[in-house]
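The values are calculated or read from the model by the stated rules, or taken from the named source; none is laboratory data. A quick note: this is a predicted structure, and the numbers were derived from the prediction, not measured. Heads up, the Cβs are rebuilt from the backbone with ideal geometry, glycines too, and the neighbour counts pull from every protein chain shown.
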C-alpha cells in the first residue's frame, strides 16, 4: 500500500456536510480497515492545502489525497506539479481525490465515487497515470479556467455564498447574469488573429464546470490539448435555451458556440480581465496567455 497523506478541507461543500473531525475519523477508519498507513492534515486557511502538499511531497509520500472541492484539488495539484517539475529523476507523489465540494467538476469527470470510503479505496488501489495541466495567466488549473461570465460568477460566489450548492450559486448570481454584457476580445491561435465578442471564453482541460454542466464535452485530460470554447451572445432567450444542452452534453452543437483544440492561445482585451482557475477568481491584465502542460501531474484515480 502507498504511504498516503490526507489533506482535508473541513469547510468545503454544501451546508449539510461532514465536519473536519468526522472526515478525519472516516479516513482513519478506512486506512485501518485496509491495513494502510497514512497521515491526516486539516486545512486552516486559503493556501494551506498547497503548503501541506509541498510538505507531504518533501517527506516522501507516495500519495497525497485531497478531500474537498475543485479549489482544494487545485492547491494540492499545483504543489505536486511543482515537485514533479523540480525533480526530474523522481516521479513525486500522485494526487488522489475525495469529492467534498459543491460542483466537483473534476471528480465527476473522473467518475470518482461520492462515498468517501469508496473514494479512498479507489485512490489507494489506483495505478497512477499522467494527466495534463492547464495554465492561464501564470496560474495552473486541472479542470477548467475561464474569462468572462463564468469568472464573474466565481467572483460573486466567493463574496456572497456561505453555503455551497447549485441553488445558492444561482440565487447569488441570477440578477447579475441577466445584466452581463459580452466583451470584445482579440484572440491569437497558431499565428491567426481573430476578433470576437463573447460572454465566456473557457479553457477546458476536463469536460465540465461542475454539477454536470459540460462546457466542453469532448475535452480530454490526456491529449496534450485544451478545448478553447467561445460562447457568443444569443440574446436573453437564446442564452437560456442553451442551458439544458450543458447538462445533455450537446452544447458544442448549439448556435453561437465555437470550440478549438489548442496548445496555446493569447487573449487580449482593452481592459484588465477577470479570470478564474478551477473556480477561483483572479484579477488579470489586458493580455492573458493560456497553455497546456502535457502529463504534468500524476493522478491516482
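Which of the residues spanning region 218-235 are out of contact with any strand residue (DSSP E or B) (no Cβ under 6 Å at 6 or more places or on another chain) and under 10 Å from residue 109 (Cα atoms)?
220
Can you confirm whether region 234-248 contains a residue that is within 20 Å of residue 195 (Cα to Cα) and within 16 Å of the chain's Cα centre (by Cα)? Write out each step before concluding.
Our first condition is that a residue be within 20 Å of residue 195 (Cα to Cα); within region 234-248, this holds for 234-235.
Keeping just the survivors that are within 16 Å of the chain's Cα centre (by Cα) gives none.
No, the conditions are met nowhere in region 234-248.
For region 123-161, what are the residues that are closer than 19 Å to residue 91 by Cα and free of Cβ contacts under 8 Å to residues at least 40 places away in the same chain?
Listed by number, the list holds a single entry, 125.
Suppose the filter is surrounded by 14 or more Cβ atoms within 10 Å (Cβ to Cβ), more than 22 Å from the chain's Cα centre (by Cα), assigned by TED's automatic domain parsing to the domain that holds residue 113 and more than 19 Å from residue 301 (Cβ to Cβ); does residue 24 pass it? Spell out how you get there, then give the answer.
Numbers: surrounded by 14 or more Cβ atoms within 10 Å (Cβ to Cβ): yes; more than 22 Å from the chain's Cα centre (by Cα): yes; assigned by TED's automatic domain parsing to the domain that holds residue 113: yes; more than 19 Å from residue 301 (Cβ to Cβ): yes.
Yes: the conditions hold for residue 24.
Only one of these is in contact (Cβ under 8 Å) with a residue 12 or more places away in the chain, in a strand (DSSP E or B), surrounded by fewer than 22 Cβ atoms within 10 Å (Cβ to Cβ) and touching a helix residue (DSSP H, G or I) at 6+ places or on another chain (Cβ under 8 Å): 266, 259. Name it. Steps first, please.
Working: 266 fails: touching a helix residue (DSSP H, G or I) at 6+ places or on another chain (Cβ under 8 Å).
The conditions single out 259.
Filter region 1-54 for residues that are touching a residue at least 24 places away in the same chain (Cβ under 8 Å), in a helix (DSSP H, G or I) and touching a strand residue (DSSP E or B) at 6+ places or on another chain (Cβ under 6 Å) and give the result.
Within region 1-54, 23, 27, 31, 49, 52, 53 qualify.
Pick from 157, 84, 153, 76: which is at pLDDT below 90, in a helix (DSSP H, G or I) and outside the structural domain of residue 273 (by TED's automatic domain parsing)?
Numbers: 157 fails: outside the structural domain of residue 273 (by TED's automatic domain parsing); 153 fails: outside the structural domain of residue 273 (by TED's automatic domain parsing); 76 fails: at pLDDT below 90.
Just one listed residue meets the conditions, 84.
Could you check region 134-152 and list, in sequence order, the residues that are more than 17 Å from residue 230 (Cα to Cα), surrounded by fewer than 23 Cβ atoms within 10 Å (Cβ to Cβ) and touching a helix residue (DSSP H, G or I) at 6+ places or on another chain (Cβ under 9 Å)?
Hits for region 134-152 are 139, 140.
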